[in-house]
1. Need the failing condition index for Ala76 against (1) outside any helix (DSSP H, G or I); (2) crowded, with 19+ Cβ neighbours inside 10 Å; (3) not acidic (Asp, Glu), just the number.
2. I'm trying to understand the selection: among the residues of region 86-122, which are part of a helix (DSSP H, G or I), of a type outside the set (Gly, Ala, Ser) and over 17 Å from Met73 (Cα atoms)?
3. Tally the residues that are over 27 Å from Thr40 (Cα atoms) and touching a Phe, Trp or Tyr at 6+ places or on another chain (Cβ under 8 Å), restricting the search to region 82-128.
4. Suppose we filter Ile137, Ile124, Ile106 for residues that are in contact (Cβ under 8 Å) with a residue 24 or more places away in the chain and open to solvent by 30 Å² or more (accessible area, probe 1.4 Å); which single one remains?
5. Only residues that are of a type in the set (Gly, Ala, Ser), surrounded by 20 or more Cβ atoms within 10 Å (Cβ to Cβ) and not in a loop (DSSP other than H, G, I, E, B): list them for region 49-73, please.
6. Taking the stated definitions as given, is Gly156 open to solvent by 30 Å² or more (accessible area, probe 1.4 Å), free of Cβ contacts under 8 Å to residues at least 12 places away in the same chain and of a type outside the set (D, E, K, R)?
7. Looking at Ala126, Ala148, can you tell me which residue is hydrophobic (A, V, I, L, M, F, W, C) and not in a strand (DSSP E or B)?
8. Considering only region 161-178, how many residues are buried (at least 20 other Cβ atoms within 10 Å of the Cβ), more than 15 Å from Phe107 (Cα to Cα) and either in contact with an Asp or Glu (Cβ under 7 Å, 6 or more places away or on another chain) or among the charged types (D, E, K, R) (or both)?
Amino acid sequence: MQKNKNTYKLYIMLAVFITVICCSALIVAFGMNFSKAVGTINSAEIISLTKSERSSNGLPALITNTKLNDAAMARAQHMIDNDYFSHIAPDGKTFSDFLTEEGYTIFHAAENLASGYSTSAELINAWMNSPSHRDNILDSRFYEIGVAVLDGKLLGADTNVIVAMYGAESDSPPALDLGKADINADRRIDIVDLSILLSKWG
């Protein structure tokens, strides 16, 4: 009887050991994949998907603005450096402060924030299913966009911070360089780019 109990305990211990080894292997394997997946999201894709959403809703695409890009990156870096995720920083700064610091004249402006998304499509889908984020993407008062994606540690986790800033420096769209077909600087000349050029925001 004692022998049977010992054998049974041995089988249990062996089963537990094998389970632990298998689980550890899975965590290592999938953990590596997850860390790589975070790097697949990028600003160019976010901008491209944003203009697609606007086009589907009868709105002109947003033009990439360097000052907005820099403000978005400064905001993302500020969140990581100060370990917060909010539209209002612990020191009281808001997105408008970052825009002003980059010399952007604010007529209309807004920002979308996100963290932890692994693909641009997943991010845009989430924003489009959130009323406030969707409103920013589809706001007809905005003519320009800047996006930043920054990897780092936030609130104790290795993740990414995504910042999109939308703006207009006046009630009229900015002048376009007609010699530059790729309006959104996403390395793709598409029907949206060409329609903007042909209409001159008509």
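The values are calculated or read from the model by the stated rules, or taken from the named source; none is laboratory data. Just so it is clear, the structure is predicted and the values come from calculations on it, not from any experiment. FYI the Cβ positions are ideal-geometry reconstructions off the backbone, even for glycines, and counts take in every protein chain you see. Side chains are part of the model used for accessible areas, which takes the heavy atoms of the whole protein and leaves out ligands, DNA and RNA. Shrake-Rupley method; radii C 1.70, N 1.55, O 1.52, S 1.80 Å.
1. (1)
2. Here is the first cut: in region 86-122, the residues part of a helix (DSSP H, G or I) are 95-101, 120-122.
With the extra rule that they be of a type outside the set (Gly, Ala, Ser), the set shrinks to 95, 97-101, 122.
Across region 86-122, the qualifying residue is only Glu122.
3. 3
4. Details: Ile137 fails: open to solvent by 30 Å² or more (accessible area, probe 1.4 Å); Ile124 fails: open to solvent by 30 Å² or more (accessible area, probe 1.4 Å).
Only one candidate qualifies: Ile106.
5. Filtering region 49-73 down to residues of a type in the set (Gly, Ala, Ser) leaves 52, 55-56, 58, 61, 71-72.
When the remaining residues are screened for being surrounded by 20 or more Cβ atoms within 10 Å (Cβ to Cβ), the result is 61, 71-72.
Ala71, Ala72 - these are the residues of region 49-73 that are of a type in the set (Gly, Ala, Ser), surrounded by 20 or more Cβ atoms within 10 Å (Cβ to Cβ) and not in a loop (DSSP other than H, G, I, E, B).
6. Numbers: open to solvent by 30 Å² or more (accessible area, probe 1.4 Å): yes; free of Cβ contacts under 8 Å to residues at least 12 places away in the same chain: yes; of a type outside the set (D, E, K, R): yes.
When the stated conditions are applied, Gly156 passes them.
7. Ala126
8. Matching residues across region 161-178 total 2.
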